[in-house]
2 protein chains.
Amino acid sequence: MPAATIKDVAREAGVSVASVSRALNGGRGVTAETGQRILEAAQRLRYVPHAAARMLITRRTNTVGALLPDLYGEFFSELIRGIDLAARSRGLHLLVSSSHDDAEAAAAALRAMQGRVDGLLLMSPHADADFLRQNLPQNLPTVLINTRLSGADYCALSVDNDGGARLMVEHLLSLGRRRIVFIQGPPGNRDATQRELGYRESLASHAPDSPMMMLRGDFSEESGYRAGHQVLAMRPRPDAVFAANDMMAIGCLAALREAGLRIPQDIAVGGFDDVPMARYVTPPLTTIQVHIAELGGQAMALLGEQLDHPDDVRAGSRRRVDAELVVRASSAAPSG
Amino acid sequence: MPAATIKDVAREAGVSVASVSRALNGGRGVTAETGQRILEAAQRLRYVPHAAARMLITRRTNTVGALLPDLYGEFFSELIRGIDLAARSRGLHLLVSSSHDDAEAAAAALRAMQGRVDGLLLMSPHADADFLRQNLPQNLPTVLINTRLSGADYCALSVDNDGGARLMVEHLLSLGRRRIVFIQGPPGNRDATQRELGYRESLASHAPDSPMMMLRGDFSEESGYRAGHQVLAMRPRPDAVFAANDMMAIGCLAALREAGLRIPQDIAVGGFDDVPMARYVTPPLTTIQVHIAELGGQAMALLGEQLDHPDDVRAGSRRRVDAELVVRASSAAPSG
DNA sequence: CTGAAAGCGCTTACAG
DNA sequence: CTGAAAGCGCTTACAG
């Protein structure tokens with residue numbers, strides 16, 4: 001037997017469908033007594049309003065879409081969880097889509113979401129200004145997460161990579177380290193670039209005499225390991241390494257320890273991300289923690305505001321999620 | 001300006017809406033020439049069919065729902081990724097919902113999905129037979145993932161915990177270990193119980209003379225650490241530890257090493273899950289790997305079959321995803 | 001307060 | 001091949 005419709009409820013309660021609709025949507029415009037009768041009838045029939053019909057007439061889907069580059073790994077896991085929680089608390093459903101290999105696939109995913117969502121959370125390497133102009137349905141509330149976009153047409157939210165990196169450099173400097181080498185991430189990667197910028201800025205302003213030293217990496221543990229070997233060959237040897245992410249820091253740590261260096265006595269090591277593993281390597285890794293779930297939650301909050309007040313969207317509004325220094329054993333004063 | 005509708009396209013192309021619909025849905029029933037004209041008009045207007053209207057009339061949402069207990073952590077991260085990939089390859093959208101603290105919240109989430117999805121992937125601690133009968137919309141194709149349900153009314157998919165645990169025990173036995181202690185998971189946890197069962201079965205059938213030894217744990221690293229101390233106190237000391245999950249194995253490893261035991265020479269340690277960290281502890285952890293993404297993918301495949309052939313649903317069909325032994329340095333022959 | 005009716009944007013028999 | 005029309009299940013002015 002097919003699911004009950006509003007007609008069935010109306011018949012069961014002996015009223016019109018209009019009254020059923022009113023009773024079930026807040027109960028305004030019906031007497032308490034009719035309302036009660038309708039509610040009971042609906043319960044008896046296990047009536048659940050047909051979502052599509054409601055969407056069609058109200059032009060509201062009560063759903064938000066999340067377009068992400070991937071779902072795998074710590075970062076996305078936390079991000080989507082933050083989004084999910086915030087969406088649920090607003091009574092919104094969450095439609096996810098990820099793993100778009102190229103811009104065309106991302107565009108298709110974007111199109112496919114059209115009409116299914118009231119708003120969009122978008123994080124994509126393809127999301128430059130052109131792409132958005134081409135593919136984003138106009139008037140669809142959208143919040144950009146961690147995109148490289150600098151334009152002022154959309155709300156955007158990102159991690160404070162720059163500030164986080166500065167925290168790390170200042171921490172290392174405060175320990176008395178003066179020869180801090182930076183292991184870069186993949187060229188063109190936005191996070192990596194911003195973290196490097198923070199390193200440069202902080203060093204320039206707080207220790208103008210300290211040399212800026214860069215080693216190439218690609219975020220992989222292996223590249224960190226290789227960079228570790230390069231560090232070993234540098235003369236005079238750096239007294240601290242700051243890797244643009246934890247995995248490289250971990251690889252570097254391994255290379256340095258294999259060579260017999262004591263950490264942090266001989267050389268301090270810092271990373272970025274605070275992956276779960278950071279606490280488990282030997283010695284535990286000093287790093288920068290970002291509250292990713294909060295990133296997702298705040299993005300959802302921003303989107304929620306747009307949904308509630310479509311008129312005064314503060315397009316171009318930017319917000320950042322703070323990063324935080326987590327000191328562990330891999331960094332300490334040279335003496336001890 | 002509001003989004004273009006099928007009427008706009010019809011007017012633009014100078015045909016009826018019926019023809020537009022036919023042209024855009026496979027092009028059967030229109031001449032190539034008209035079809036072409038319609039396609040161009042649609043493109044010009046950036047026409048995207050209104051999803052809700054289509055759902056309403058076709059009774060198809062082209063969406064599947066995934067109800068999960070959580071989204072956080074390695075397991076769910078991989079699971080949802082496997083689901084997402086498989087869904088996309090079938091042209092299906094993915095609606096997710098998670099973190100239902102109690103049965104009532106899970107029920108509400110289930111109800112909210114009604115009418116929004118063509119099928120359901122369900123993994124929930126609350127999903128016992130009663131719960132499903134009460135809350136699952138009838139006739140909604142559903143695949144249960146890793147539920148404790150033994151009934152024969154639904155398709156179900158689960159991890160082969162039992163077989164995986166047997167692999168580990170057989171491995172340890174093959175190394176000559178004869179006193180293998182098992183660290184249990186949380187009481188009532190299905191995975192934990194099945195893994196323990198595998199331990200018992202395997203020991204009983206392959207080494208009936210070996211003692212069965214159980215220590216209580218709760219899947220946390222701390223509980224593994226505590227269990228490690230208990231292991232140290234046992235006389236004669238076990239020559240191998242099999243923890244019901246990796247985190248406990250890692251905690252146990254720490255306790256044993258702190259006490260000066262050599263691993264694996266003095267005692268071998270095995271875990272279950274193959275979390276990313278397993279490769280990074282010292283020594284790297286021997287464990288059981290489960291292809292979680294495959295679990296998600298296969299669940300989606302099972303659901304896809306039901307969607308394609310609603311008539312011959314093989315309700316009650318069970319399937320398991322294999323587990324695999326990954327040997328690392330934490331286990332080896334006692335000699336070295 | 002209540003109901004009849006229009007209409008949201010589609011698809012699909014049904015005629016022509 | 002093509003179009004007019006019905007209808008999917010709702011909500012919401014509009015009357016009464």
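Structure data summary
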{"read-out": "The range B:132-278 - percent of accessible surface contributed by carbon and sulfur, probe 1.4 Å", "value": "48 percent"}
{"read-out": "Distance between modelled label sites at B:Glu324 and A:Ser99, nm, 7 Å Cα→Cβ extension", "value": "1.6 nm"}
{"read-out": "Computed FRET value (nearest 0.05) for B:Asp308 with A:Arg216, which takes r as the C-beta separation and R₀ as 41 Å", "value": "0.25"}
{"read-out": "Of B:Thr147, B:Ala86, B:Gly73, farthest towards positive along the dipole that unit charges on Lys, Arg, Asp, Glu beta carbons give the range B:42-172", "value": "B:Ala86"}
{"read-out": "Cβ-vector label at 7 Å, B:Gln36, separations to other copies in nm", "value": "6.9"}
{"read-out": "Copies compared at B:Asp322 - label distances in nm, ascending, label defined 7 Å from Cα in the Cβ direction", "value": "5.1"}
{"read-out": "Charged-residue dipole, Cβ positions (Lys, Arg, Asp, Glu), the range B:6-49 about Cα centre, Debye nearest 20", "value": "100 debye"}
{"read-out": "Globularity index of the range A:115-232, i.e. its alpha-carbon radius of gyration over 2.2 N^0.38 Å", "value": "1.36"}
{"read-out": "Rg in Å to one decimal, and Dmax rounded to a whole Å, for chain A via C-alpha atoms", "value": "26.4, 90"}
{"read-out": "Sum of side-chain charges, A:Arg37 neighbourhood, beta-carbon under 15 Å (Lys, Arg +1; Asp, Glu -1)", "value": "-1"}
{"read-out": "Virtual paramagnetic centre 7 Å along Cα→Cβ of A:Glu258, amide N under 18 Å, in the range A:212-228", "value": "A:216-228"}
{"read-out": "Within-11-Å neighbourhood charge of A:Arg179 [Cβ basis; K, R +1; D, E -1]", "value": "+2"}
{"read-out": "Global geometry of the range B:6-49, whether rounded, prolate or oblate, following the gyration tensor of its Cα atoms and the 1.5 cut on a/c", "value": "rounded"}
{"read-out": "Rounded to 10°, Cα long-axis angle of helix A:74-89 versus longest principal axis of chain A", "value": "30 degrees"}
{"read-out": "Beta bridges by DSSP in the protein assembly as shown, antiparallel share as percent, to the nearest 5", "value": "15 percent"}
{"read-out": "Net charge, A:Leu203 excluded, C-beta distance under 12 Å - Lys, Arg +1, Asp, Glu -1", "value": "+1"}
{"read-out": "For the range B:1-139, convex hull volume per residue from C-alpha positions, Å³", "value": "147 Å³"}
{"read-out": "10 Å-binned pair-distance histogram of the protein assembly as shown (Cα, whole percent)", "value": "3, 13, 20, 22, 20, 12, 7, 3, 0, 0"}
{"read-out": "Between 0 and 90°, nearest 10: helix B:103-113 axis offset from chain B longest Cα axis", "value": "30 degrees"}
{"read-out": "Listed residue (A:Ala52, A:Ser21, B:Asn245) projecting farthest to the positive dipole end of the protein assembly as shown, Cβ model", "value": "A:Ser21"}
{"read-out": "Nearest 10 degrees, 0 to 90: helix A:161-174 Cα axis against chain A principal axis", "value": "30 degrees"}
{"read-out": "Taking the range A:161-289 and dividing mean pair separation by its residue count, relative contact order in percent (alpha carbons under 8 Å, at least six apart)", "value": "25 percent"}
{"read-out": "Per-copy distances of the A:Ala129 label point, shortest first, in nm (7 angstrom along Cα→Cβ)", "value": "6.4"}
{"read-out": "Choice from B:His93, B:His171, B:His206 with maximal GNM fluctuation in chain B (Cα, 10 Å cutoff)", "value": "B:His206"}
{"read-out": "Chain A: most fluctuating residue of A:Val290, A:Val159, A:Val15 per GNM, C-alpha cutoff 10 Å", "value": "A:Val15"}
{"read-out": "Heavy-atom surface of chain B, accessible at 1.4 Å and reported per residue (Å²)", "value": "44 Å²"}
{"read-out": "Descending Cα extents along the principal axes, the range B:161-290, whole Å", "value": "34, 29, 24"}
{"read-out": "Over chain A, relative contact order from alpha-carbon pairs under 8 Å, at least 6 apart, %", "value": "17 percent"}
{"read-out": "Interface size A-B, as summed buried accessible area [1.4 Å probe, Å², nearest 100]", "value": "4200 Å²"}
{"read-out": "Charge dipole (debye, nearest 20) of the range B:161-290; +1 at Cβ of Lys and Arg, -1 at Cβ of Asp and Glu", "value": "380 debye"}
{"read-out": "Ranking by accessible area, most exposed first, for B:Leu253, B:Leu175 with a 1.4 Å probe", "value": "B:Leu175, B:Leu253"}
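The values are calculated or read from the model by the stated rules, or taken from the named source; none is laboratory data. What you see is a predicted model; the values in this text were computed from it and never measured. When we count neighbours, we look across all protein chains shown, and the Cβ atoms used for this are built from the backbone with ideal geometry, even at glycine. Heavy atoms of the whole protein, side chains included, go into the accessibility calculation; ligands, DNA and RNA do not. Shrake-Rupley method; radii C 1.70, N 1.55, O 1.52, S 1.80 Å.
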